[in-house]
Amino acid sequence: MRRLVFPIALGVAIVISAMPAPAFAALPPPPAPPPVPTGAVTVLLDQHHGRIASAASAAVRAGIARLGAIPAGKSVPEIGLITVRAPAGVRLSALERKLRSLPGVASVAPERRYVVRSVPNDFAYSAPDPNDGVAYQWYLAAENFPPAWDISKGDGALVGIVDSGIDATHPDLSSKLAVAPIDQQVFSSTGAAGTDQVGHGTHVASLACADTNNAIGIAGAGYNCKLVIEKTDFTDTSIAQSIVDATNHHVGAINMSFGPDPSAPPMPAPETEVRALDYAAAHKVVLVAAAADSPVTEQGDPANVLQPVGTGPTLSKGIGLDVTAAEFGAKHADFAGIGSEISLAAYGAFNPDSTSLLPCMGQPIGILGAFPSTLTQLEEPPDPAACRVSINGDTRYATVAGTSMAAPQVAAVGAMMRALNPYASLQSLLETIKRTAQRPAGTGYSSDDGWGILNAGAALAATRHLDGLAPVSRLKAPRSTHSTTILLRWSGHDQQHAGLVASGISYYLVFERIGKGRIHRITRTTKQTVKFNAKPGNRYTFWTVAVDHAGNHELKPAHMQTRVIG
């Protein structure tokens, strides 16, 4: 495995993995470094039923202050996260031991720094022009986006992007910012959140939500969706704060095209990240992570937190989606992650059969997206990972290949689904995206693509039928057919939201109660009448509960009727 390093300010580097170059260009691979520590320590407070007691939090903070620890990084109260540095003259390991001894502390760990999901840069994936007989954005039609847009244009859909920032002045992005870009950088800064010195964040954001139908540039997968940009320095606490903050901005989906270097020794996901992801999932956010840009079975976090090992082939397992890359022709991209942590694939590369000259110094032809106007780190020699493309004379576009490019297309679909159907459970949305994925016959489809390749149209169509609204019923005044025989009558309907399809009432449960005594179920029926034989001298209360075909139960009886039998 060859590693491409793009230096960033303060001596930190983003590590970009690539497939081996041809023999004539190959160099001996350097040893993979361990994850870079930031010098800070993350402290997580005890949780009880998912909540952090304020008194316990205050006690721990007081204990931390007594130890002389210095606040650092991000502190995220929603998940009980505090980040500190050791005071002068105190070893970090000694501080960690003291912090672990404080009552109310669940865990203490050194903070790590991540890298953006890498962009492969190999001659085997090169082609002279991504327009070689195919439209620039061929992948949108291949993933069935036009039928999806017929169902929803993505109005109200919000996508959170945790990445290297964004060129907020780009004509395809400036109108798509739901809020001003948010700066979550702590230990190293490459500039304001509305700038992107790397190029990665701008490209990823545009694939999700570039301005569509504006007669310029490219179309975003989410059409009218908006963006919440969280510019991170890829440290543990910055990532955790970004995930929580995006969730608090009510995004429907969060895209995370980053992870550890796949050539480095595997390490468990930090609890800070796990809690932040759990927090987002509890708020029904569709979480999407890029798989490794290497044909490995261990995808690293956050991908393996969303879809743990062994759970990819199971429809109902996982709290999010781990997205690998396919290439033109519905083939699995040779550079992309494989195995039981993969949920599905989306297009992340273009590889037509071609013997033409190689563009951009041999860099692979990827997916077209927006790019900053200034020179970016993804363009730096000797092996640039991005290839500038002029669209009607505008060079603020580039092709880049990688799982990073596949993931935001899935995130856009997740946000559109959430906006279309706010009543659907998170699990039902995740299962729908998997279940509707394509497995094109007669192509190079591979089981390495998990459940298949993203099918946006089928996913949105199925979302309309995810019935998360409970039905309602109304019991009418009881009638006496004889002195002690009561005729119970009711009406009911399954609630329906605009644009969604109700599953319809499956049956009714009819209940009675004498005075304040025990509740008894009279019957379960598909009819809307039932006769009940009462006993004289009792006061009866009757009600119905409707149940629809999706299994939703009427939450509580809205209409109860009382009858005294003389």
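The values are calculated or read from the model by the stated rules, or taken from the named source; none is laboratory data. Values in this document were obtained by computation on a predicted structure and should not be read as measured data. Ideal geometry is used to build each Cβ from the backbone, glycine not excepted, and the neighbour counts take in all protein chains shown. Only protein heavy atoms, including side chains, enter the accessible area calculation; ligands, DNA and RNA are left aside. Shrake-Rupley method; radii C 1.70, N 1.55, O 1.52, S 1.80 Å.
Tabulated results
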{"read-out": "Of residues in region 411-433 being of a type in the set (S, T, Y) and part of a loop (DSSP other than H, G, I, E, B), the one farthest from S152 (Cα to Cα)", "value": "S425"}
{"read-out": "Scan of region 499-528 for residues that are closer than 15 Å to A470 by Cα and either under 37 Å from the mean Cα position of the chain (by Cα) or modelled with pLDDT under 95 (or both), ordered by number", "value": "L500, V501, A502, S503, G504, I505, S506, Y507"}
{"read-out": "Sole exception among (1) over 16 Å from the mean Cα position of the chain (by Cα); (2) surrounded by 15 or more Cβ atoms within 10 Å (Cβ to Cβ) for G393, by number", "value": "(2)"}
{"read-out": "Criterion: among the acidic types (D, E), open to solvent by 30 Å² or more (accessible area, probe 1.4 Å) and at pLDDT 95 or above - qualifying residue of D167, D155, D211, D163", "value": "D155"}
{"read-out": "Residues satisfying the stated conditions in region 90-123, i.e. more than 24 Å from the chain's Cα centre (by Cα), assigned to a loop (DSSP other than H, G, I, E, B) and either modelled with pLDDT of 90 or more or closer than 15 Å to S242 by Cα (or both)", "value": "V90, R91, S101, L102, P103, G104"}
{"read-out": "Conditions (1) open to solvent by 10 Å² or more (accessible area, probe 1.4 Å); (2) out of contact with any Leu (no Cβ under 6 Å at 6 or more places or on another chain); (3) within 22 Å of S164 (Cβ to Cβ); number of the one not met by T314", "value": "(3)"}
{"read-out": "Top-ranked residue in region 409-452 [being closer than 18 Å to L140 by Cα and among the polar types (S, T, N, Q); ranked as most open to solvent (accessible area, probe 1.4 Å)]", "value": "T443"}
{"read-out": "Strands (runs of 3 or more DSSP E) enclosed by region 462-566 - at least 2 residues per element that are without any contact (Cβ under 8 Å) to a residue 24 or more places away in the chain", "value": "519-525"}
